[in-house]
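Asker: Once you've had a glance at the structure underneath, I'll fire off some questions.
The values are calculated or read from the model by the stated rules, or taken from the named source; none is laboratory data. All figures in this text were calculated on a predicted structure; none of them were measured in a lab. Cβ placement follows ideal geometry from the backbone for every residue including glycine, while neighbour counts extend to all protein chains displayed. Side chains included, ligands, DNA and RNA excluded: accessible areas come from the protein's heavy atoms. Shrake-Rupley method; radii C 1.70, N 1.55, O 1.52, S 1.80 Å.
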Amino acid sequence: MAQTQGLGRRYIRAFFKGFFVAVPVTVTFLDRVACVARVEGASMQPSLNPGGRQASDVVLLNHWSIRNYDVQRGDIVSLVSPRNPEQKIIKRVIALEGDIIKDIFYKKKYI
């Protein structure tokens, strides 16, 4: 009986040691290296959520590229919505700094 209590305590102690090591490592990884996000809606079709299906796609967001400002045309980026700060939006990069963009609706150029 005493051995089973000691064995149970050892397992509980080992669990908590692993838990207190795994949680900070996981949080640091998700904050600094990469995290997983769901893409919902039609704004990224046909690349993500093709065919208008109800299931959402899952993407891996790389934090290292953004930290080094290594963004290229065609990359998909995630940012905080300016209208609703509690919401994240995902968009595709179409231009970089210094590119000239011509608006096809208003025929204006933006630099």
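Asker: Can you work out which of the residues in the stretch 64-78 that are open to solvent by 60 Å² or more (accessible area, probe 1.4 Å) and in a helix (DSSP H, G or I) is modelled with the highest pLDDT?
Answerer: 64
Asker: While we're here: Pull up the stretch 9-52, narrow it to residues that are on the phi > 0 side of the Ramachandran plot and surrounded by fewer than 10 Cβ atoms within 10 Å (Cβ to Cβ), then point me to the one that is modelled with the lowest pLDDT. Before you say what the answer is, go through the steps one by one.
Answerer: So the first thing to find is which residues in the stretch 9-52 are on the phi > 0 side of the Ramachandran plot, and the list is 41, 49, 51-52.
Then keep just the ones that are surrounded by fewer than 10 Cβ atoms within 10 Å (Cβ to Cβ); that gives 51-52.
Working: 51: 70, 52: 62.
Applying the filter and picking the extreme gives 52.
Asker: Is it the case, given these coordinates, that residue 94 is among the aliphatic types (A, V, I, L, M), open to solvent by 100 Å² or more (accessible area, probe 1.4 Å), out of contact with any Leu (no Cβ under 9 Å at 6 or more places or on another chain) and modelled with pLDDT under 80?
Answerer: no
Asker: Of everything in the stretch 53-63, what is over 18 Å from residue 75 (Cα atoms), polar (S, T, N, Q) and open to solvent by 70 Å² or more (accessible area, probe 1.4 Å)? Give them in sequence order.
Answerer: If the condition is that a residue be over 18 Å from residue 75 (Cα atoms), polar (S, T, N, Q) and open to solvent by 70 Å² or more (accessible area, probe 1.4 Å), then 54 is the only one that fits.
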